[in-house]
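Enquirer: Just passing along the structure, written as structure tokens.
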Amino acid sequence: MKRNLQHVPYGYEPPKEGVKGTLIYYDIFENARESDLDIALGLLESQSFAKLVLYPLHEETVKRMSKEPASAFYKREKPLVAWTEELNRRNVIVESWEGKRKKYTPIDAALRHLTDKYQAPHFIYMSPEMANVFASFSSFEEWIVKLRLILSSKPEQVHSRLEKFSHRWDSVEEVQARKS
């Protein structure tokens, strides 16, 4: 049987892929408008991410993190699934792991699951309020060195840990301005 040999010059390295990592949209999605989802989709395309993962939070997680009531998980997940089916794209996924757990999921467990399952580097897209809540957890400093945050807008008030690691996060406006 004949082998197909390929000859390459000494020191040859294959070209790197044009896409990088995963953009994880970590949110409640209670009042998510299509324009918010389009912004995340625009980031996917402009920053050349491999995947956009929509990660809706379970109502128990929302209750503990923000003290605000949230509708049932399936009611918030259904429009997201419909939106992704309408797009008909393989690189936009609704992650329903938290819905299958049916209970409070600490952000550590969620991030561990997402970083194990999806390609690195990891970028977390979230609201400034959610980022301040995330920064208030003791494990924030452990996670912020492993991933980067993209905030949906400039925060009015910044948590002290978020301020300390200001080089690890950007707002959407800053990311879009850098690209153009």
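The values are calculated or read from the model by the stated rules, or taken from the named source; none is laboratory data. Everything quoted here is computed from the prediction, not taken from an experiment. Backbone-built Cβ (ideal geometry, glycine too); neighbour counts: all protein chains shown.
Enquirer: Within segment 23-60, which residues are within 19 Å of Glu85 (Cα to Cα) and among the β-branched types (Val, Ile, Thr)?
Expert: Within segment 23-60, Ile24, Ile39, Val53 qualify.
Enquirer: Would you point out which residue out of Tyr74, Tyr104 is within 18 Å of Glu30 (Cα to Cα), in contact with a His (Cβ under 8 Å, 6 or more places away or on another chain) and not small (Gly, Ala, Ser)?
Expert: Tyr104
Enquirer: Residues being of a type in the set (A, V, I, L, M, F, W, C) and out of contact with any strand residue (DSSP E or B) (no Cβ under 7 Å at 6 or more places or on another chain): count how many of those fall in segment 29-56.
Expert: Residues in segment 29-56 being of a type in the set (A, V, I, L, M, F, W, C) and out of contact with any strand residue (DSSP E or B) (no Cβ under 7 Å at 6 or more places or on another chain): 3 in total.
Enquirer: Follow-up. Just to verify a result, which residue in segment 108-130, among those that are part of a loop (DSSP other than H, G, I, E, B) and of a type in the set (S, T, N, Q), is nearest to Phe165 (Cα to Cα)?
Expert: Residue satisfying both the conditions and the ranking: Ser127.
Enquirer: Scan (1) modelled with pLDDT of 90 or more; (2) under 25 Å from Leu41 (Cβ atoms) for the single condition Asp108 breaks and write down its number.
Expert: (2)
Enquirer: Further, regarding this structure: Considering only segment 45-62, state which residues are on the phi < 0 side of the Ramachandran plot, in contact (Cβ under 8 Å) with a residue 24 or more places away in the chain and not aliphatic (A, V, I, L, M).
Expert: Going through segment 45-62, the residues on the phi < 0 side of the Ramachandran plot turn out to be 45-47, 49-62.
The next check asks that each one be in contact (Cβ under 8 Å) with a residue 24 or more places away in the chain; those that pass are 46-47, 49-58, 60-62.
Ser46, Gln47, Phe49, Lys51, Tyr55, Pro56, His58, Glu60, Thr61, listed by residue number.
Enquirer: Write out, first by first residue and then by second, each pair whose Cβ atoms fall under 7 Å of each other, whose residues are 6+ apart or on separate chains, and whose first residue, in segment 155-176, is closer than 12 Å to Ser136 by Cα and in contact (Cβ under 8 Å) with a residue 24 or more places away in the chain while the second is of a type in the set (Gly, Ala, Ser) and surrounded by 17 or more Cβ atoms within 10 Å (Cβ to Cβ).
Expert: His159/Ala135; Arg161/Ala135; Leu162/Ala131; Leu162/Ala135
Enquirer: Please go through segment 136-170 and pick out each residue that is assigned to a helix (DSSP H, G or I) and not basic (Lys, Arg).
Expert: Answer for segment 136-170, where residues must be assigned to a helix (DSSP H, G or I) and not basic (Lys, Arg): Ser136, Phe140, Glu141, Glu142, Trp143, Ile144, Ser160, Leu162, Glu163, Ser166, His167.
Enquirer: Looking at (1) part of a helix (DSSP H, G or I); (2) modelled with pLDDT under 90; (3) over 24 Å from Trp83 (Cβ atoms), which is the one condition that is false for Val133?
Expert: (2)
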